[in-house]
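**Q** Have a look at the structure that comes next, please.
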Amino acid sequence: MLFEKDLLSVRLLTMQDYPLLVKWLSQPQVLEFYEGRDQSYNMSKISRLYGSKNLRGITACIVEYRGENIGYVQFYALPDQQKNEYGLRKEELIYGIDLFIGETSFWNRGIGTLLVTSLVQYLEWDCKVHRIVADPFEWNVRAIRCYEKAGFRKWKYLQHHEIHEGTWQNSWLMMYSSAK
């Protein structure tokens, strides 16, 4: 277990979790916000994409709530090239995060906010991170509000940042700055 907070816990992703990712990433409600409804996932694709994350310096995790697997989160040190693109200082330890709640019955219950605030605390205190960034689509109001409740602020508007469902989407680069 990487960390626990209240009824929430986060643990490292294992191969045994791949069927969960296939299930979650086959739901249009989830894909609308993460990866896109024009994407399809099977065990082979999940194994290829998620099996290599640790090799690429990404820590991939499963989120549990009351012992039930409900979502996915990943975090990683932002590469210098990306720091440069965003106008950030190379010498700072800056992490990026991505996440989704795959069990839609757990949406709109404050669990996303609990996850982000717990993850921030873990990265800040255990990993000694200076800043944390996320890049939700500008239209994903629920994600933006979740990050804001966890102490993130809109930092930079990213025009044509990512292709999602066949079209370029704008995002907000949101940042949490450590008080340390």
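**Q** Taking every eigenvalue of the Cα gyration tensor of the range 29-70, multiplying by 5 and rooting it, what semi-axes result, largest first, whole Å? It would help to have the intermediate numbers written out before the result.
**A** Values: eigenvalues 69, 65, 21 Å².
The equivalent ellipsoid of the range 29-70 has semi-axes of 19, 18, 10 Å.
**Q** Choose one of Gly96, Gly71, Val30: the residue whose Cα lies farthest towards the positive end of the charge dipole of the range 3-177 (beta-carbon charges +1 Lys, Arg; -1 Asp, Glu; about the Cα centre).
**A** In the range 3-177, that residue is Gly96.
**Q** Using only the alpha-carbon atoms of the chain as identical scatterers, what base-10 log of I(q)/I(0) does the Debye formula give at q = 0.10, 0.18 Å⁻¹?
**A** Per q value, in the given order, log10 I(q)/I(0) is -0.37, -1.37.
**Q** Where the centroid of each part is defined by its Cα atoms, how far is the range 98-157 from the range 36-92 in Å?
**A** If we compute the Cα centre of each part, the gap is 14 Å.
**Q** How big is the charge dipole of the range 59-180 about its Cα centre, in debye rounded to the nearest 20, if each Lys and Arg gets +1 on its Cβ and each Asp and Glu gets -1 on its Cβ? Don't skip to the end; give the middle numbers.
**A** Numbers: 14 positive and 15 negative charges, 100 e Å.
In total the dipole reaches around 480 debye.
**Q** Putting +1 on Lys and Arg Cβ atoms and -1 on Asp and Glu Cβ atoms, find which of Ser52, His130, Tyr18 reaches farthest to the positive end of the dipole of the chain.
**A** The one lying farthest along the dipole's positive direction is His130.
**Q** OK, next. Please report the Cα spread of the range 78-165 along all three principal axes, rounded to whole Å, starting with the longest.
**A** Sorted from largest, the Cα extents of the range 78-165 read 40, 35, 19 Å.
**Q** Taking amide H positions as placed in the peptide plane 1.01 Å from N, state which residues far from His164 in sequence (5 or more) or on other chains have amide H under 5 Å from it.
**A** Gln169
**Q** Based on the inverse mean of 1/r over its pairs of different Cα atoms, what is the Kirkwood hydrodynamic radius of the range 37-122, in Å? Each step should come with its number before you reach the end.
**A** Values: mean 1/r = 0.0672 Å⁻¹.
It works out to 14.9 Å.
**Q** What is the total of Lys pairs in the range 14-164 with C-alpha atoms under 25 Å apart, excluding same-chain pairs fewer than 8 positions apart?
**A** Summing the qualifying lysine pairs gives 16.
**Q** Now for a separate question. Using each residue's phi in the range 92-107, evaluate 6.51 cos²θ - 1.76 cosθ + 1.60 at θ = phi - 60° and report the 3J(HN,Hα) Karplus result to the nearest Hz, with x for Gly and Pro.
**A** Working through the residues one at a time gives 7, 8, 10, 10, x, 10, 9, 7, 7, 9, x, 8, 5, 5, 9, 6 Hz.
**Q** For the range 1-134, what is the charge dipole size about the Cα centre, in debye to the nearest 20, if Lys and Arg each add +1 at the Cβ and Asp and Glu each add -1 at the Cβ?
**A** Magnitude of the dipole: close to 220 debye.
Each reported figure results from applying straightforward, stated rules to the coordinates on display, with no laboratory input. All values derive from a computational prediction rather than experimental measurement. Don't worry about glycine lacking a Cβ; one is built from the backbone with ideal geometry, like all the others, and counts go over all protein chains shown.
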